[in-house]
1. How far apart, in nm, are the 7 Å Cα→Cβ label points at residue 314 and residue 112?
2. Hey, rough spin-label estimate for residue 237 and residue 386, points 7 angstrom out along Cα→Cβ, what's it come to in nanometres?
3. By counting other Cβ atoms within 10 Å of each Cβ, how are 99, 4, 187, 228 ranked from fewest to most?
4. Apply 1/(1 + (r/R0)^6) to the Cβ-Cβ distance of residue 254 and residue 13, taking R0 = 51 Å, and write down the FRET efficiency to the nearest 0.05.
5. Taking R0 as 25 Å, what FRET efficiency do you get between residue 40 and residue 288 from their Cβ-Cβ distance, rounded to the nearest 0.05?
6. Would you mind giving the three semi-axes, in whole Å and largest first, of the ellipsoid equivalent to segment 94-241 according to its Cα gyration tensor?
7. For q values of 0.11, 0.12, 0.13 Å⁻¹, compute log₁₀ I(q)/I(0) with the Debye formula on a Cα-only model of the chain, without solvent.
8. Using Cα centres only, tell me the gap between segment 295-324 and segment 125-169 in whole Å.
Amino acid sequence: MALFKFLAVSKGEAPQELLIEADTEKEAVNKLRSRHLTPLRSYGEVSAEKGKSFTLKRSRIDAYSFTRQLAPLLESFIPLERALAIIADGIEEKEQKDFVNSLRQGLHEGKKFSELVRSHGAVFPSYYANLIESGEETGCLPEVVGQLYKFMDQSKEFKDFIVSSSIYPMAILTITLLVTILLFTVFVPRFAKIFIDMGREMPPSMEFLLGASAFASWAWWLIPLLLFISWVGLTRYFGKDGFRRMIAAFLLKLPLLGKIIADLEMCKYIRTLAILIGNHVEIIRTMKIAGKIINNPVIAATFEDIGKKLKGGAKLSAALKDNQYLPSGMVPMLRVGEESGTVGEMLDRIATHLESDTRTKIKRLLSLFEPAVIVFLAAMVLIVVVSIFVSMMELNAINQGGPKI
């Protein structure tokens, strides 16, 4: 879907600018009219990146904290505007407080909550506005916000798990790189100076180490430069989308890591399906929203025809059965859910099991990474030590073979 910007007016109110998400501009106009709004002017399709500028200042607006506060208030049957007022009263951070008050102001102007969320696209995750809109249309906004908080909480917990699990391996990798740099930029040049001061010809092993040392000392910038030139060239040759697909396909083919990347995408996809179907969102719309959750273009392409299959009368389990990225036991479990009328609950269980399995795979990958880094460090040290030892042996042989006084 794309974003379309309109100047629209409702009876008895002032004109207002709105962002509408739809596949085409005609569909966006129909959405406006279904909300009893008359479009006065169309600004056409608006890029999601438009208006964003580079800044070193980090936004203090926290969508997770906002959702965590909003969910229990709505589930307690407090009206949305009143819930936002309660949240704003309890916030001390000015930027976050202004953000919540701007949402309140938008509600007073007659805007829908989903429209307000969409206008703050940089703050919220990409799926947030779609799920809020589905909750508004089905009358299940409190339940959807509760599920959103659960989803965001699980995602945050998962990210925290990855970060905390990566601290030790990254520390080992950093130390390894520092030791390697010191060996080739400090230790090797000083040892080579011994041969230069003695007027001796350096052995081949020392010439190799000295060449590596020279590269590490002054030519290291060639590596990032070559990477940048390669990136620019490939982007222009294949196009941004083509280059992105090429990188995505390469990552998916990597052993262990490729499977983890696919499983992470499927965790988000299945969890989104569970939320939407559990809140009785129409199945075709559910598949459109869930399809936008997937960031990997190669995986996303395999789900593009699901809507056509469903329109043709196929059940969800049948439409998904040939997809290679779904967990192997998902389709039979989904079929049971369709027969028992518990598709949403079954998808929730599948997502939970997949997240648990993915955690285990990440831990195993990190546990393999640690000894691999240690072996790399040992190999670098061994190369330097052996080269120096061979050089010393050759120097000793030369001294012993020299003229005696």
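1. About 3.0 nm, to one decimal.
2. Here the answer is 3.6 nm between the modelled labels.
3. Numbers: 99 20, 4 24, 187 15, 228 10.
Arranged by neighbour count, lowest to highest, 99, 4, 187, 228 become 228, 187, 99, 4.
4. Numbers: r = 55 Å, r/R0 = 1.08.
The calculated FRET efficiency here is 0.40.
5. Working: r = 28 Å, r/R0 = 1.12.
The computed FRET efficiency comes out at 0.35.
6. Working: eigenvalues 689, 78, 41 Å².
Over the Cα atoms of segment 94-241, the ellipsoid semi-axes are 59, 20, 14 Å.
7. Relative scattering, expressed as log10 I(q)/I(0), comes to -0.99, -1.11, -1.25.
8. Using only Cα atoms, the two centres lie 23 Å from each other.
Rule-based calculations on the coordinates, nothing more; no lab input. What you are looking at is a predicted structure, and each value in this text was computed from that prediction instead of being measured. Every residue, glycine among them, receives a Cβ derived from its backbone with ideal geometry; neighbour counts consider all protein chains shown.
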